[in-house]
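Report on the structure given below.
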Amino acid sequence: MIPSILLFLDFGLLGIVFFVYFRRTLRERNKLQGQAEQSVQLQQQVYQIQVLQEIGERIGYSLDTNKIVEIITSSIGTLLDYDTVTYLLFADPESMIFKCHVHNSVPHRFIDEVKNQMLQSISAICGQEVNLANADERITGTILDDHLNSRPESYVNVPIIISDQLLGIINVASSKKYLYGNSQAQVLYSITNQAATAVTKLESVLENEKGRLASTLYSMTDGVFMVDLHNQLQVYNPAVVDLLQLRVVRGKDITMFDIINALAGKVDLRTKIEEAVEKHMPIVISEVYLRDQALELTITPVRDQQGEKRGVSVVLHDITSEKALEKLRQEFTAMMVHELRAPLTAVRWSSDALLKTLADVKAKPDNAKLKESMANISTATINMLELVNDLLDVAKIEAGKFELNEQDYNLVEIVTDQVKIFEAQVAQKHLTLALIAPPNCRVKCDKVRISQVMDNLLSNAIKYTDSGSIEVNVSIEAQSNRAVVAIKDTGVGVTREDLNQLFSKFKQLSSSDRSRKGTGLGLVVSKGIMEAHGGRVWAESAGENLGSTFYFSLPLEK
Amino acid sequence: MPKIILAEDDQLISASLVSAFTDAGFEAHPAYDGEQALAIAKEIHPDVMVLDIMMPKLDGISTLWELKASPELATIPVLMLTNMSDADTISKIMEAGCTDYLLKSDQSIDQVVTKVKEVMERGKRPV
């Protein structure tokens, strides 16, 4: 019989272990899937906490202890000779369960005496008087016969202890004398002990699981809460409080009312929850704006294993940064469209003018006008070409297909050539341009690409400097074995925040002030070129209107 | 001779516009940003204005708001001339109160001149 009890308990344990294992694998698989599934999974977790809590509660207190004790009592018959088997359980602090199974007919007095023995025994263990004032008493089995004159001559009391807690006491009694010795008491004791150990193990598994789930929930950045059909908040994590910016009174839990209030005017959460429960369909509310935050709400109806409606779980996902990125991308696209169409418009309209001038065969063609139109077309085409090239370069860099034609060069020569090209432009803006460089600096590089970086950084320096000077400095850093080119200007400078974003695709310097044209793609391309060379490009600036210095470095040839 | 302000930051496009409107019999005043366009408008009280959207200092939409907020300039008919074709921008410029808009690269320069004349006529009629 002992094995059968253990088998029963083992199956229970096995079930839990399987449940835990299965859910774990499920969770790992879910990790790989999309966000929608992630939120569904979170809701499952919330639900499971509930279920586990309930199972735990049930096993820990009345139901299963009862069941276990019943199994113990019902299996005792084959092991021991007895008239009654009785148990006394603490149902809750105020009441007790007294159950007696009568195997052979005994009088009421017999049972009263057993009860007294048990009360004495349990009072002794507890160290205080235990009474049966609120006891739920039940007597089952054979009919009692008060004509009999039997008394409990032999009996054994065994305490039931689960997780160091005294849950009750079991008594086996018989009218025969000298029936129970040590060995019988031992049998009874080991059965209850085994059962108690198994239940304790189950409980610790549940506790661990509960703890793990709770800590996962606690540390999550998404807000998660579960609310039942009576608007009672069952579970929530700290992220709910943070995301909804709820004010919490120390030591007090938030209520569903707080949550509904926080979202008032943005979402009618109560109606949405009712809708989700009614249709038994998840509802996603995207873009709920709370102050400077954008949230996405997913409401999922929850049912228990019997299919009964239990409430809903709600996941709050912060989409503020995603929205900001999306906005940046939209702005970038809009700017690209504008920048691509502008030169095309110029070409189109200049050709219109050209055609018009030429169409009038009788009139003497105005050479100045013709020349202006042609010059405009030429300039617009060059602008367009530069832009298209930058876009293609960015695409190549992003695809990792940026190829270099590397040869041995004197970097100073490449830099000097570029500086010469810009001399006229610098003079036109009344700026001064200086070049400081050693005579020779051998590097292995793609000359066209390095010239492109120089072109980009120098033209930027000129573009963003209205007065003062531009200084180009080539130096050799022996320690790090690299060549560094610095282009220093006295122009508009860069703010600290912009410094970080200068080389990012979606950020054009001074995107708010478009007084200076450009897509900002040049810096993105320059970064790609230098990285392909095993070098770097970076910028420094003391702040707005304090000038800036752009650097690029290349490994020296060994 | 009708007076027109051509607010356009792109030098090449501006040159084409000025040349075409001068040929069409307008007194053309180029402006290279929104602030400049407003300043010239206050000075010369043009018969019609053409505004680009993406401009430095003050963009076309903000310039339009400023015009509509000023009692003396609010009645000037305005043609928005832009390369921004997204629905959001278009609804924004219509809300701001422009008389009409054109997508730049869709039009020949003659079409732009024709449209401006039409916008100017529409502005003269009491609505």
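A short reminder: the numbers here are calculations on the coordinates, not readings from a lab. As the structure is a prediction and not an experimental result, all values here were calculated from the model. Don't worry about glycine lacking a Cβ; one is built from the backbone with ideal geometry, like all the others, and counts go over all protein chains shown.
From the square roots a ≥ b ≥ c of the eigenvalues of the alpha-carbon gyration tensor of chain B, which class results: rounded (a/c under 1.5), prolate (a/b over b/c), or oblate? Rounded. Take each residue of peptide A:333-344, count the partner chain Cβ atoms within 10 Å of its Cβ, and average: the result is 5. What is the distance in Å between the Cα centres of segment A:259-286 and segment A:381-410? Computed from Cα coordinates, the inter-centre distance equals 51 Å. Here is the list for segment A:354-463: trypsin sites (Lys or Arg not before Pro) lying in DSSP coil, each with at most 16 other C-beta atoms within 10 angstrom of its C-beta, are A:LYS362, A:LYS401, A:LYS429.
Subtracting the Cα-Cα distance of A:ILE436 and A:ILE125 from 0.36 nm times their residue separation leaves 102.4 nm of extension gain. Treating r as the C-beta distance of A:ALA185 and A:ASN134 and R0 as 30 Å, the FRET efficiency rounds to 0.50.
Each part reduced to its alpha carbon centroid, segment A:127-163 and segment A:348-377 end up 117 Å apart. For the pair A:GLN165 and B:LEU103, a Förster radius of 56 Å applied to the C-beta separation gives a FRET efficiency near 0.10, rounded to the nearest 0.05. Relative to the current alpha-carbon distance between A:VAL448 and A:GLU398, full extension at 0.36 nm per residue lengthens the span by 16.0 nm. Please identify every one of the chymotrypsin sites (Phe, Trp or Tyr not before Pro) in segment A:128-231 that sits in a loop by DSSP and has no more than 16 other beta carbons within 10 Å of its own beta carbon. The qualifying sites are A:TYR178.
If I take R0 = 35 Å and measure r between the Cβ atoms of A:ALA427 and A:GLU557 in this structure, what FRET efficiency does the formula 1/(1 + (r/R0)^6) give, to the nearest 0.05? Efficiency, from the Cβ-Cβ distance: 0.50. Look at the stretch A:345-358: the mean tally of other chain Cβ atoms within 10 Å of its residues' Cβ atoms is 6. Among the GluC sites (Glu not before Pro) in segment A:282-381, those located in a DSSP loop and surrounded by at most 12 other Cβ atoms within 10 Å of their own Cβ are A:GLU308. Within 10 Å of the Cβ of each residue in B:8-21, the mean number of Cβ atoms contributed by other protein chains is 6. With all pairs of different C-alpha atoms in the average, the Kirkwood value for the hydrodynamic radius of segment A:264-419 is 22.6 Å. Between A:THR197 and A:LEU355, the contour length at 0.36 nm per residue exceeds the alpha carbon distance by 47.0 nm.
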